[in-house]
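J.: This is the structure I have questions about; it appears just below.
The values are calculated or read from the model by the stated rules, or taken from the named source; none is laboratory data. Remember, it's a predicted structure, so these values are computed and weren't measured experimentally. Every residue, glycine as well, gets a Cβ built from its backbone with ideal geometry; the counts of neighbours run over all protein chains shown. The area values use the complete protein model at the heavy-atom level, side chains included, leaving out ligands, DNA and RNA. Shrake-Rupley method; radii C 1.70, N 1.55, O 1.52, S 1.80 Å.
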Amino acid sequence: QDVLNHLNLTIKKGQMLALVGSSGSGKSTIAQLLLRFYDSPYGKLKIDGIAIQDFTKNELRNHIALVSQDPLLFNDTVANNIALSNPDATEDQITWAAKQAYAHEFIEAMPEGYQTSIGDSGNKLSGGQKQRISIARALIKKPKILLLDDALSAVDTETEETILEKLQHNFQGITTIIVCHRISSAKNADYIMVLD
């Protein structure tokens, strides 16, 4: 079944786009098409004028960071989970990314700080903590495109606002697409697209 019809959209480099709409309207599908989880026979998706099918999936995904509503974390330390997208990251870079994701304080309060094991799928963490570690992982990658697929749904609105302000301030030049249900997530966006 086709979900997206007659969609024509241009996002300039460094802009923030918020996608809002009811469940099933196609918000997450746009992110999944961009990452080539699906390849549609219809229409074209281009980055810098080049069709995404002309990139290998590795090339494409090396420049895009995805943070989903239910992040995938591993039974390893906090530091290793953050550094997963950039294995050469230094301790300072890991700490910097955690601070940008508003995660440093709760990590420091853990028994072994950044060396604390978070359990299978991060089961020792709350939903909001998982999301913030996943955001830190995305930021340490230094992507050209950041996809936040309802990635702040488990944090309170004050924390959400702090994270979005830091993103906007520190990551000018990164194109950001936010899939959201709360209008507060969209208020700093350059554009809001409502899908029906």
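J.: Give the residues of the range 1-31 that are open to solvent by less than 50 Å² (accessible area, probe 1.4 Å) and more than 14 Å from residue 193 (Cβ to Cβ), sorted by residue number.
T.: Within the range 1-31, just 14 meets the criteria.
J.: Would you please list the contacts, defined by Cβ atoms under 6 Å and residues six or more apart or on different chains, that run from a residue in the range 5-25 that is over 16 Å from residue 147 (Cα atoms) and in contact (Cβ under 8 Å) with a residue 24 or more places away in the chain to a residue that is of a type outside the set (S, T, N, Q) and surrounded by 14 or more Cβ atoms within 10 Å (Cβ to Cβ)?
T.: Filtered contacts from the range 5-25: 21/27; 21/195; 25/195.
J.: In the range 1-26, what residues are small (Gly, Ala, Ser) and either touching a Pro at 6+ places or on another chain (Cβ under 6 Å) or under 18 Å from residue 45 (Cα atoms) (or both)?
T.: Residues of the range 1-26 small (Gly, Ala, Ser): 14, 18, 21-26.
Selection gives 14, 18, 26.
J.: Being over 28 Å from residue 29 (Cα atoms), crowded, with 22+ Cβ neighbours inside 10 Å and either modelled with pLDDT under 90 or of a type outside the set (Ser, Thr, Tyr) (or both) is the requirement here; does residue 67 meet it?
T.: Details: over 28 Å from residue 29 (Cα atoms): no; crowded, with 22+ Cβ neighbours inside 10 Å: yes; either modelled with pLDDT under 90 or of a type outside the set (Ser, Thr, Tyr) (or both): yes.
In short, no.
J.: Another question, then. Given the criteria charged (D, E, K, R), at pLDDT 90 or above and more than 20 Å from residue 155 (Cα to Cα), does residue 108 qualify? Step through it out loud before you land on a result.
T.: Working: charged (D, E, K, R): yes; at pLDDT 90 or above: yes; more than 20 Å from residue 155 (Cα to Cα): no.
Criteria not met by residue 108.
J.: Among the residues of the range 35-69 satisfying the criterion of being assigned to a loop (DSSP other than H, G, I, E, B) and touching a residue at least 60 places away in the same chain (Cβ under 8 Å), which is nearest to residue 114 (Cα to Cα)?
T.: So in the range 35-69, the residues assigned to a loop (DSSP other than H, G, I, E, B) come out as 35-45, 48-49, 55-56, 63, 69.
Narrowing further to those that are touching a residue at least 60 places away in the same chain (Cβ under 8 Å): 35, 63, 69.
Working: 35: 30, 63: 26, 69: 23 Å.
Taking the candidates together, the pick is 69.
J.: Check every one of the helices (runs of 4 or more DSSP H) wholly within the range 78-175 and list those with 1 or more residues that are open to solvent by 20 Å² or more (accessible area, probe 1.4 Å) and of a type in the set (Lys, Arg).
T.: On the way: elements: 78-82, 91-100, 104-108, 127-140, 157-170.
Passing ranges, in order: 91-100, 127-140, 157-170.
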